[in-house]
Every structure is written in C-alpha cells, then in structure tokens.
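Here the structure comes first, spelled out in structure tokens, and everything after it is commentary.
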Amino acid sequence: MQTEELNFKSADEVTTIHALCWKPEEKPKAVVHICHGMVEYIERYERLAEFLCEHGYVVYGADLLGHGQSVVNKNCYGYFGKNNGNWKLLSDIVILQGLAKRAYPGLPYYILGHSFGSLLVREFVERFPDSVDGVILLGTMYKTNFEARLGKLICDFLAAVKKDGYRYRSTFMNDLAIGSYDKHFKDENLRNSWLSRDKQEVQLYNATPECNFIFTVGAYRDMMTGLLEANNKKNLARLRRDVPILLMCGDQDPVGNFGKSPKHLYNVYKSMGLDCRLRIYKDSRHELLNDLEKEKVCRDIVKWLDHYVDKR
C-alpha cells in the first residue's frame, strides 16, 4: 500500500484541506471515499483503508473542515465558517471526489460515512445522486425535524447573547447533543466509553488532542441544517433506486438510539424501493471500526463492495 498526501483549497476559500489517498499495489477495481465523524480526523481510518487496499480498492479521505489538519489554527477546531457551513462541508466532498475521479476515471465510486460523516454522505447522495455507485453508512443517527429546528433555535439564541457569536463553545449545547451517551456506561468509569468496548481504543481517543474539543454553536447549527436537508422528502426522492446502500450499527450505540435510528432509516429507504441492507452488531457501540468486532466489520464491508463491483 502506498499513501499519498493531498492538499486542496476548501470551499471556504481560506482553509487548506488535508486529504489522503491510500493506493493498492495492484490496479484498483473501485474507489472508496471515506468521510469521518465529528471531533476526529481521517488518519483514524488507516486500518480500514489498508484492509480495503489489500482487497483491490483505492481509498480517499480528508479531514473535514474544522478537524484534524484542516484548520487555519486551533481556534478553528469545530467551526465551519460564519455562513453556509453545511454547504462548505458538502462542497469539499465534491472537490475531493473530483480529484479522485480525475485520477481514476471510469472506476466505480463508493462513499462511506461514519456518524457525522454519515449525515454528510446522506445529504451528499441526495444532492448528487448520479455521482456514486454505492453508499455505506456507519453509526448514523436520526432526529425529527422538530428536534433539528429546536437545536438551531438554541444555537441562534446562544450566538446572539454570547460575545463570540457562532464561535462560542457551549458546554450546555454539547451536553445536550452528546452528554448523555456516557451515562449508559457510567459503571466503566472511562470517559467516552460509548465509543467502544475496547478500552485501549477509548483511552487512545481521549489522549489525542485532535479528538478533544467542543463544537462551536455555529457547527452544531450547521449540523442541524444538514439533518433537516437529509430528512427533506424532496431531497430523499432524488435518490437513485439502482444505487445500493449498506447501513451498519451497533445495538449498544446511543447515537443511533441503540439500533432504532438505523432501523428507521432502513425502513424509510425500503419504503422508497431502494436496494438497502442493514447489519446490526450485537453489543457493539458507536465506533464499529474501533470496537471488538472491527475485523468482522471490515470483512463485511469488503464482502458488500465485492458483491456490487462483481455485478458490474
């Protein structure tokens, strides 16, 4: 496997986006584009990328705006810009996809998103349904439109009353969004236990500076905007019936309401006549790729990819 570092200018016209391409030794049979989750960075997916390369896939991924090395300075962690942050995130996905398709024209293109990344991917494939050949969603979530609108109102209020505006980092908003997750695993006495049963993985996450910051209220507002867009019936109607979707989650993942959110999304997709599969991993938590069954999850991803690539 070869790793190439890529840099490109973000849609915000200020930030340089840090991206990577993992290349297999042989000629690749398809492209897999990875979108990571909130408060992490793309190098955390190197294990999956290496496994995919071993099976003939070329892999692309980038630090999302406001994450990892895709920041102007540390004050920009968890901040997507003053206006249209959600659209800037989507636009950066478009830019990286363009780089990948120019490098590997004609290859099937699959996109994988985890958690916050899965939300971006859902909206991306609704807006650009002809740009991908398959979709993989890990640890995705579902919020009602009421919940998303309420979240936006709270963010707008906090931005209005705090001197930092949309750059303000609210522990209240953070607790509202993710603060309850650890309560389900409080007996373990380890912060962020909701991420994985593998304590070493959780400890590594906790010790990593790039995984220790609070989203700004502006970023949370942008997330709520993305949820509303992903839920929009007109947007959902754009999804192509011939583009397969794989949903994967742990039944102990509080982000997905312990499997209920992915099941809800699966039912929505099936009711639309989409080719959708749902895999639920018993006892696994939010980060399937860092939990105790990570090898099985990687194998299942490759098996699903191979099935559709071989059909082409």
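No lab work stands behind these numbers, since they all come straight from the coordinates. These figures come from a predicted structure and were not determined experimentally. Cβ sites come from the backbone with ideal geometry, for glycine too, and all protein chains shown count toward neighbours.
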- Query: Taking other Cβ within 10 Å of each residue's Cβ, how do VAL217, VAL268 sort, fewest first?
  - Reply: VAL268, VAL217
- Query: In degrees from 0 to 90, rounded to the nearest 10, what is the angle of the helix 294-311 Cα long axis to the longest principal axis of the chain?
  - Reply: 50
- Task: Could you give the spread of the C-alpha atoms of the stretch 209-306 along their three principal axes, from largest to smallest, in whole angstroms?
- Result: 42, 36, 23
- Task: Could you give the size of the charge dipole of the chain about its Cα centre, using +1 on the Cβ of each K and R and -1 on the Cβ of each D and E, expressed in debye and rounded to the nearest 20?
- Result: 1020
- Item | DSSP beta bridges in the stretch 2-124 [antiparallel fraction, %, rounded to 5] | 50
- Can you sort GLU26, GLU287, GLU50 by how many other beta carbons sit within 10 Å, fewest first? GLU26, GLU50, GLU287
- Spatial extent of the stretch 1-152: Rg and Dmax, with the Cα atoms as the point set, Å: 15.1, 50
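Calculate the tail of P(r) for the stretch 166-262: the fraction of all Cα-Cα distances greater than 19 Å, expressed in %.
59
Within the P(r) computed for the chain, what percentage of the Cα pairs occupies the region above 23 Å?
54
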- Message: Within a 10 angstrom radius of the beta carbon, how do ARG277, ARG238, ARG122, ARG197 rank from fewest other beta carbons to most?
- Response: ARG238, ARG277, ARG197, ARG122
- Query: Once the piece of chain linking LYS183 and MET1 is laid out straight, how much longer is it, given 0.36 nm per residue of separation minus the C-alpha distance between them?
  - Reply: 61.5 nm
- Message: Among the listed pairs LYS143/LYS233; LYS9/LYS152; LYS9/LYS311; LYS88/LYS199; LYS233/LYS282; LYS88/LYS303, which have their C-alpha atoms separated by more than 25 angstrom in this model?
- Response: LYS9/LYS152; LYS9/LYS311; LYS88/LYS199; LYS233/LYS282; LYS88/LYS303
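For the chain, give the share of DSSP beta bridges that are antiparallel, in percent and rounded to the nearest 5; count only bridges with both residues there.
Values: 12 of 38 bridges.
So the antiparallel bridges amount to about 30 percent of the total.
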- For the stretch 7-30, list residues with backbone N below 14 Å from a point placed 7 Å from the Cα of ASN75 toward its Cβ? none
